[in-house]
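Only one structure is covered here, and it is reproduced in the block below.
The values are calculated or read from the model by the stated rules, or taken from the named source; none is laboratory data. Everything quoted here is computed from the prediction, not taken from an experiment. Methodologically, a virtual Cβ is constructed for each residue, glycine included, from the backbone with ideal geometry; neighbour enumeration extends over all protein chains shown. The area values use the complete protein model at the heavy-atom level, side chains included, leaving out ligands, DNA and RNA. Shrake-Rupley method; radii C 1.70, N 1.55, O 1.52, S 1.80 Å.
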Amino acid sequence: MKQEAGPENEEQSALILSLSVFFVLFSGVVSLALFYDFSDMNLGGLLFLIASLCCIFIAKNIYDLTSKSKVASRVILPVPTSDTQSLYTQLYNKSPVPYFVVDIEGIVISANTAAARLLGMQQSKVVGIDLFVRLEADEAVDTDFLFRKFRSGVAISDEIVRVKREDRREAWGLLSLFQFKNDYEEQQGLLTLVDITKQKKAEDAKSEFVSLASHQLRTPIAGMKWSAELLQLDSPDTLTERQLKYMNRLHLSISRMSRLVDDFLRVSRFELGRFQAEYHTIVLKKLFDDVLAELSKTAEQKDLDVQTEYDPSITEFVTDPDLLRMIVTNLCTNAIKYTPVGGTVTIRFTHDNNMLRIQVVDTGIGIPAEDQEGIFSKLFRASNAMRDVPDGTGLGLYIVREAVAVLRGKASFTSVEGVGTTFDVQIPFEVPSKD
């Protein structure tokens, strides 16, 4: 076996190189002194001395640079021994995490055992396949866009993708992918796929159950509501004051249950990816007015000053009416619910940089600073909201966030506890392309 050069050999090589440079340069100086006619010997001697010193200085610098660079390369970039190469190979092949090395087009160059197992293939047959064709992002992300990002040098991290197995069994992975250069300066990619099939199936099963339960509950709730209304209509004069009080409580409970079931159904549809935007042209002012009309009774009971500020230049708007109504209804409901008696709620929409901007401003209880980070999370309620207004599910703002995402918009807010909150939703003025 060929032995590696030790530190003594490297220093000896550096010394030989520097001496060689010195003798070459010094020979040039001597030749110059022999063949050049110096009229002034004192000046010639001085030049000879300076040139000799320069030769020594250059040779010394070459020695220092050569020896330092070799030491640095020995420390920073060690040449792997056969033992370390064997260790790296074993770690790569036996890792429980699926690893793929792909070229810039997604063709598999190498794959470990876990990777072949995830694809449901023999390891020898994985090399050469187009991996990008076998991966499909969820409906919220464009798969082609992900791989365009990779080809342009942008790293991809923790994206959920469906894996198209050879045996057609369902499989899901958490994808991370980044570029690197091999020894031949060729661009390649290291792709990891953490197997999350079990977790994904559990989440889908939970959402399916909620969806099914919500559907099944809607029928008996509708029957209860219809029966209570008929009872109240048939005998309004025969009911005592106490019975009327119970009837009102019954109506209120049925309405709350109906809203809760509807919210759970919407959440399950979002989580299962079943909410696909269906775009239509709507009259924007009418949609807002309809929502406020539905909430007017609650606002009047609290003596709230509900103000509207509509941009007159915006009449029709192309969007999904159901999703937009969800957004406006939940924001206005929250504003009315969390604004104390005698407060003010302002609803406005404007045209802002090719975006429809919706703002709902209230003078309510506000959101504590420590709770603001999780305000759009599912089943999350601020601490003061749970204390002051116990009736709530923590689903409204989560539904807003998901609906805005489907419409390719963005939602944000500003809030000061005890002063009020402003929710800001922006949805693009963009007519979707028709396939």
If Glu166 passes every condition in (1) open to solvent by less than 60 Å² (accessible area, probe 1.4 Å); (2) in a loop (DSSP other than H, G, I, E, B) but one, which one does it miss?
(1)
Conditions (1) closer than 19 Å to Arg259 by Cβ; (2) touching a residue at least 40 places away in the same chain (Cβ under 8 Å); (3) out of contact with any Asp or Glu (no Cβ under 8 Å at 6 or more places or on another chain); (4) open to solvent by 30 Å² or more (accessible area, probe 1.4 Å) -> Tyr338 fails only (3)
Here is a list: Leu331, Leu324. Which entry is open to solvent by less than 10 Å² (accessible area, probe 1.4 Å), in contact with a Phe, Trp or Tyr (Cβ under 7 Å, 6 or more places away or on another chain) and either modelled with pLDDT under 95 or more than 15 Å from Lys285 (Cβ to Cβ) (or both)?
Leu331
If I ask for residues that are part of a loop (DSSP other than H, G, I, E, B) and open to solvent by 70 Å² or more (accessible area, probe 1.4 Å), which ones from segment 116-132 would you list?
Gln122, Val127
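Among residues belonging to segment 142-153 that are out of contact with any helix residue (DSSP H, G or I) (no Cβ under 6 Å at 6 or more places or on another chain) and surrounded by 13 or more Cβ atoms within 10 Å (Cβ to Cβ), point out the one that is nearest to Leu191 (Cα to Cα). Outline the logic, then answer.
First pass over segment 142-153, keeping only residues out of contact with any helix residue (DSSP H, G or I) (no Cβ under 6 Å at 6 or more places or on another chain): 142-146, 148-153.
Now drop any that are not surrounded by 13 or more Cβ atoms within 10 Å (Cβ to Cβ), which leaves 143, 146, 149-151.
Values: Thr143: 15, Leu146: 13, Lys149: 14, Phe150: 10, Arg151: 13 Å.
Among those residues, the one meeting the criterion is Phe150.
For Glu278, are the conditions met, namely being of a type in the set (D, E, K, R), out of contact with any Ser or Thr (no Cβ under 9 Å at 6 or more places or on another chain) and farther than 21 Å from Leu331 by Cβ? Full working, then the answer.
Numbers: of a type in the set (D, E, K, R): yes; out of contact with any Ser or Thr (no Cβ under 9 Å at 6 or more places or on another chain): yes; farther than 21 Å from Leu331 by Cβ: yes.
When the stated conditions are applied, Glu278 passes them.
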Expected single match for touching a strand residue (DSSP E or B) at 6+ places or on another chain (Cβ under 7 Å), more than 24 Å from Phe270 (Cβ to Cβ) and open to solvent by 10 Å² or more (accessible area, probe 1.4 Å) among Arg387, Arg348 is Arg348
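I'm checking my understanding of the structure. Among residues of segment 169-183 that are part of a strand (DSSP E or B) and of a type in the set (Gly, Ala, Ser), which one is least open to solvent (accessible area, probe 1.4 Å)?
Residue satisfying both the conditions and the ranking: Gly173.
Give Val194, Val161, Val97 a once-over and let me know the one that is in contact (Cβ under 8 Å) with a residue 40 or more places away in the chain, in contact with a strand residue (DSSP E or B) (Cβ under 7 Å, 6 or more places away or on another chain) and either within 26 Å of Val406 (Cα to Cα) or assigned to a strand (DSSP E or B) (or both).
Working: Val161 fails: in contact (Cβ under 8 Å) with a residue 40 or more places away in the chain; Val97 fails: either within 26 Å of Val406 (Cα to Cα) or assigned to a strand (DSSP E or B) (or both).
Going through Val194, Val161, Val97 in turn, just one is in contact (Cβ under 8 Å) with a residue 40 or more places away in the chain, in contact with a strand residue (DSSP E or B) (Cβ under 7 Å, 6 or more places away or on another chain) and either within 26 Å of Val406 (Cα to Cα) or assigned to a strand (DSSP E or B) (or both): Val194.
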Given Thr113, Thr89, Thr143, which one is over 18 Å from Ser176 (Cβ atoms) and at pLDDT below 85?
Thr89
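Being in contact with a Pro (Cβ under 9 Å, 6 or more places away or on another chain), assigned to a helix (DSSP H, G or I) and either among the aromatic types (Phe, Trp, Tyr) or within 17 Å of Ala335 (Cβ to Cβ) (or both) is the filter here; which residues of segment 347-387 pass it? If you could, list the steps in order and put the result at the bottom.
Keep residues of segment 347-387 that are in contact with a Pro (Cβ under 9 Å, 6 or more places away or on another chain), which gives 354-356, 363-365, 382-384.
Filter once more, so that each one left must be assigned to a helix (DSSP H, G or I): 383-384.
Residue satisfying the conditions is Asn384 alone.
Quick one: which of Glu170, Glu159 is at pLDDT below 85 and within 15 Å of Pro98 (Cβ to Cβ)? Even if it seems obvious, please write down each step before you answer.
Working: Glu170 fails: within 15 Å of Pro98 (Cβ to Cβ).
So the residue among Glu170, Glu159 that is at pLDDT below 85 and within 15 Å of Pro98 (Cβ to Cβ) is Glu159.
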